[in-house]
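Encoded as structure tokens, the structure appears first; notes follow it.
The values are calculated or read from the model by the stated rules, or taken from the named source; none is laboratory data. Note that the structure is predicted; figures quoted are calculated from it, not measured. Cβ coordinates were reconstructed from backbone atoms using ideal geometry, including for glycine residues, and neighbour counts include every protein chain displayed. What goes into the accessible areas is simple: the full protein's heavy atoms, side chains included, and nothing from ligands, DNA or RNA. Shrake-Rupley method; radii C 1.70, N 1.55, O 1.52, S 1.80 Å.
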Amino acid sequence: MNTVIKKSEESMQRRLDHLDSEYARIRAGRANPGVLDKLVVDYYGAPTPVKQLAAVSVTEARTLTIQPYDASVLRAIEKAIQTSDIGINPQNDGKTIRLVFPPLTEDKRKEIVKDVAKQAEDTKVQIRNERRDAIEKLKKMKKNSEITEDDLEDGQEKIQKLTDKYTKKADELSAVKQKEVMAI
């Protein structure tokens, strides 16, 4: 029974971690190195994340600077940014690449907030699905006489508490990100 609960909690935590990483990539009007997390560049035939090829820093509130360790990869990074879904045109000065984040319009902010809320809701649905699966496993264990009726009720109660805890955390992450996006 404890393994079912432990696996369920690990799964719920993974879903929350995924939501957090998705939120890190959302552009909120300020320069955020997280927008480059999924960006890979072909470096000597191997797809390599930009963060392994260059120093990425926030130089001003709306400017991200990318300083490659190897100058020969500058063009490849620039091309990867242009073909990505970041939506910002890179400025290449021959040594560094600058990404200037334009201020978001009110409509764009509201659209992003809707996406943030939808991602949180999707995560909560996944957490509830995990709860359902765990409870089904516990019921199967009860049916096979591996656990008692009291163990089943105790397990269901623990899983419900985990579900409440992780859905609350998802709401909290969503509220923080929405507030960040709406801040001017």
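For the chain, averaging the sequence separation of C-alpha pairs within contact (under 8 Å, six or more residues apart) and dividing by the residue count gives a relative contact order of 27 percent. Take the chain with all the other protein chains still there, run a 1.4 Å probe, and you get 60 Å² of accessible area per residue.
Per-residue ellipticity at 222 nm for the chain, helices alone: DSSP H runs ≥ 4 residues times -39500 (n - 2.57), over residue total, nearest 500 deg cm²/dmol? Walk me through the numbers before you get to the answer.
Working: 5 runs with 109 residues, N = 184.
Computed ellipticity for the chain at 222 nm equals -20500 deg cm²/dmol.
The chymotrypsin sites (Phe, Trp or Tyr not before Pro) found in the stretch 17-88 that occupy coil by DSSP, while having at most 16 further C-beta atoms within 10 Å, are Tyr44, Tyr69.
Over the stretch 70-174, what relative contact order in percent results from Cα pairs under 8 Å that are six or more residues apart?
Values: 57 pairs, mean separation 22.5, N = 105.
Relative CO of the stretch 70-174 lands at 21 percent.
Ignoring ligands, DNA and RNA, please state the percent of accessible area on the chain from carbon and sulfur, probe 1.4 Å.
Working: 5360 of 10960 Å².
Whole-percent figure for carbon plus sulfur exposure: 49.
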